[in-house]
1. Does A:A260 fit the bill of being more than 9 Å from chain B (Cβ to nearest Cβ), within 16 Å of ligand 2 (Cβ to nearest atom) and within 28 Å of B:K163 (Cα to Cα)?
2. Being touching a residue at least 60 places away in the same chain (Cβ under 8 Å) and open to solvent by less than 40 Å² (accessible area, probe 1.4 Å) is the filter here, so list the residues in the range A:191-209 that pass it.
3. In the range B:85-94, which residue that is touching a residue at least 40 places away in the same chain (Cβ under 8 Å) and surrounded by fewer than 24 Cβ atoms within 10 Å (Cβ to Cβ) is nearest to B:V5 (Cα to Cα)?
4. Please list, ordered by residue number, the strands (runs of 3 or more DSSP E) wholly in the range B:182-280 having 1 or more residues that are in contact with a Ser or Thr (Cβ under 8 Å, 6 or more places away or on another chain) and in contact (Cβ under 8 Å) with a residue 40 or more places away in the chain.
5. Within the range A:292-316, how many residues turn out to be part of a helix (DSSP H, G or I), facing chain B (nearest Cβ under 7 Å) and either within 16 Å of ligand 2 (Cβ to nearest atom) or open to solvent by less than 20 Å² (accessible area, probe 1.4 Å) (or both)?
6. I'm trying to understand the selection: among the residues of the range A:22-79, which are within 14 Å of chain B (Cβ to nearest Cβ), farther than 30 Å from A:G128 by Cβ and among the charged types (D, E, K, R)?
7. Given the criterion surrounded by fewer than 24 Cβ atoms within 10 Å (Cβ to Cβ) and assigned by TED's automatic domain parsing to the domain that holds A:G110, identify the matching residue among A:G82, A:G56.
8. From the residues in the range B:170-193 that are away from ligand 1 (no atom under 16 Å from the Cβ) and open to solvent by 10 Å² or more (accessible area, probe 1.4 Å), which one is farthest from A:L203 (Cα to Cα)?
Amino acid sequence: MSSEIWVVADIKADGEVRKVTFEVLSEARRKLGGPVCAVLLGSGVSDKASELAGYGAEKIYVVDNPNLKDFNPDGYVKALCGLIGKHSPAVVLSGNTAFAEDYMPRVASGVGSGLAMDCIDIGMTDDGRLRIKRYSHSSRAISTQEFNGDGSAMIATVRPNSFKEEESAGAGEVVSEDAGITDADIRIKVLEIKTKESDRPELTEAERVVSGGRGLASEENFNHIYDLADLLGAAAGATRAAVDAGYCPYDMQVGQTGKAVSPILYVAVAISGSVQHFSGMGSSKVIVSINKDPEAPIFAKSDYGICGDLFQVLPPLTEELKKALSE
Amino acid sequence: MKIVVFITQTQDTEARIKVGSSGDSIDTEGMKWIMNPYDEFAVEEAIKTKEAYGGEVVLIAAGPQRASQALLQGLAMGADSAVHISDEALGETVDSLVLSKLVASELGKIEGVDLIFTGMKIIDEESVQVGIQIAEELGIAHLALVSKVIDVKPDEKKLVCQKEIDGGSVSVEVSLPALITCPDAMNEPRYASVPNIMKAKRKPMKMVSLDDVDFGSLGINRDAVGKSGAKIKTVNLEVPEVERKLKIIKGSDETTVKGDEIAESARELVKLLRDDAKVI
Ligand SMILES: Cc1cc2nc3c(=O)[nH]c(=O)nc-3n(C[C@H](O)[C@H](O)[C@H](O)COP(=O)(O)OP(=O)(O)OC[C@H]3O[C@@H](n4cnc5c(N)ncnc54)[C@H](O)[C@@H]3O)c2cc1C
Ligand SMILES: Nc1ncnc2c1ncn2[C@@H]1O[C@H](COP(=O)(O)O)[C@@H](O)[C@H]1O
């Protein structure tokens with residue numbers, strides 16, 4: 001086993017490196033010791049190596065292969081298993097994105113490793129075993145877990161917005177690898193990709209999130225949520241009840257089955273505050289809720305709240321925010 | 001179509017939970033155990049597929065004796081038969097790789113499986129991996145977070161699904177056999193009625209003891225089943241009380257804001273967010 005700490009870069013549909021990659025690189029450097037290296041997998045991604053070096057990567061293992069596209073796990077599993085087998089890193093980390101949730105479990109199986117998903121803290125024991133913290137029990141409990149140190153790579157994914165990204169130049173030596181991925185390795189045929197063109201930040205990365213619940217009562221009324229989000233430079237989210245009712249698309253769902261978010265500000269509009277919704281946003285720094293029911297459970301879990309009808313509260317609130325933001 | 005669904009029981013995390021005396025797990029004294037909610041979606045999807053294309057649904061669970069309750073519920077929902085790998089050690093934390101090898105080996109004994117459903121995660125330990133790892137053990141493709149099964153083509157042995165990705169969705173086609181992990185948005189699980197639960201008791205349930213398992217061929221040690229054999233060990237568990245001091249801004253009648261109070265509350269909230277919380 002080498003002492004290398006690997007961080008697998010997460011690349012967005014538009015080819016940019018996702019912010020969580022820089023967060024994980026930075027925290028690995030601060031907390032884990034050992035040379036921090038990056039792994040860059042994708043198609044036409046080689047030019048991103050220098051960005052990773054800018055956050056402290058000493059080495060960057062690059063597999064640039066046309067079969068590594070389209071969010072298709074098969075090629076990534078083969079490439080990463082191959083690299084881990086060849087170089088035996090001590091630790092392999094990545095952001096906890098939907099894509100990491102898709103392919104990391106297979107990588108762990110493939111190389112016989114333990115895998116901790118969606119960690120909110122990372123560190124090392126004195127004898128060099130990875131120690132992490134993560135939520136469990138619908139995010140109502142936090143467990144501290146340690147790897148047993150059996151010599152297999154210790155693999156973990158990290159929740160976006162858990163750590164601060166911090167630039168720091170690393171040596172950035174590029175190691176190009178040929179993972180030998182061929183068309184035959186790709187079992188899933190992608191027929192169509194629908195990504196949303198939006199000027200709003202992505203939910204999981206956003207520093208501020210404005211979400212709407214069933215109380216919005218229509219798709220049209222969700223414009224109130226979008227307007228408030230845009231005013232705050234926030235991402236827009238929703239509850240499952242709002243998604244189920246067809247007021248907004250599924251990719252806006254925050255919660256146990258939707259996205260886990262950790263913004264500095266979470267504004268919950270007409271959301272009751274179920275365990276499952278809280279599971280996805282409970283770690284927000286400041287929670288503000290607007291609800292017309294004084295008994296709504298969300299109030300007990302909020303920092304600030306206005307008990308009132310959203311349709312009456314949002315217009316003056318928007319005006320006040322505009323004033324405050326222009327000062 | 002021969003369809004297999006992997007299900008398990010979880011602690012009801014909506015109920016009150018507290019840390020047990022060992023400090024590394026939830027106190028299960030008097031705990032209500034339920035079928036993992038995501039596995040209910042998996043069972044529902046399997047039964048819907050069977051109803052549309054014919055065939056049979058087999059459930060597989062590894063767990064202590066109480067796990068038979070979840071299997072019974074699945075049978076009452078409409079599955080045809082069940083396999084219960086039963087051992088009290090399976091009630092502890094079990095290493096994901098050990099678990100996936102164990103349950104996949106039972107699937108290996110069933111011939112001609114076309115389609116496999118699992119939940120996306122269990123709601124107590126939230127390991128979020130066993131389903132996908134079963135696919136790796138079986139050497140077949142998996143589709144994670146499928147929000148909609150668009151088309152099943154039993155004759156061509158193909159399947160078209162919509163799955164969720166970061167920032168959007170994709171539609172994909174895959175050859176069968178394949179494994180699908182289910183989030184909640186895909187269907188509305190049917191209710192297991194009392195008469196159906198009575199009937200379910202007469203459906204075939206195969207019991208497998210760990211003594212029957214050929215651990216050698218799985219490449220694992222029998223001792224690996226249970227807490228001590230896990231690659232990742234919980235050393236501490238906390239159930240933090242949500243510590244938020246609500247500054248609620250409400251009207252004089254102690255309920256909702258009305259009239260002039262509304263603008264006043266809005267002003268006060270913005271001031272607090274700026275000067276107190278410093279988030280805008
Ligand atoms: C397995 C499983 C997984 C789940 N996963 C998720 C998940 O990932 N995310 C999620 O969110 N949910 C999830 N749920 C659903 C969850 O249990 C709740 O049903 C859901 O979160 C409720 O959404 P809501 O708060 O919008 O709706 P409701 O509970 O109906 O609450 C609506 C609120 O709006 C308020 N309101 C109504 N009108 C107004 C108005 N004019 N002005 C102000 N306030 C108003 C009401 O007082 C009420 O509090 C899951 C459930 C299950 C079983
Ligand atoms: N003990 C088990 N027996 C059968 N299936 C299981 C078991 N544990 C997990 N699974 C399946 O794997 C899915 C994901 O679980 P997990 O990776 O533990 O979060 C579950 O929803 C089940 O479908």
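The values are calculated or read from the model by the stated rules, or taken from the named source; none is laboratory data. Being a predicted model, the structure only gives us computed values, none of them experimental. In this analysis, Cβ positions are derived from the backbone assuming ideal geometry, glycine residues included, and neighbour counts consider all displayed protein chains. Areas reflect the complete protein model, heavy atoms only, side chains present, ligands, DNA and RNA absent. Shrake-Rupley method; radii C 1.70, N 1.55, O 1.52, S 1.80 Å.
1. So A:A260 passes the test.
2. A:T204, A:E205, A:V209
3. B:I85
4. Working: elements: B:205-209, B:232-238, B:247-249.
Qualifying strands (runs of 3 or more DSSP E): B:205-209, B:232-238.
5. Within the range A:292-316, residues that are part of a helix (DSSP H, G or I), facing chain B (nearest Cβ under 7 Å) and either within 16 Å of ligand 2 (Cβ to nearest atom) or open to solvent by less than 20 Å² (accessible area, probe 1.4 Å) (or both) number 2.
6. Selection gives A:K69, A:D70, A:D74.
7. Unique residue meeting the criteria: A:G82.
8. Result: B:S193.
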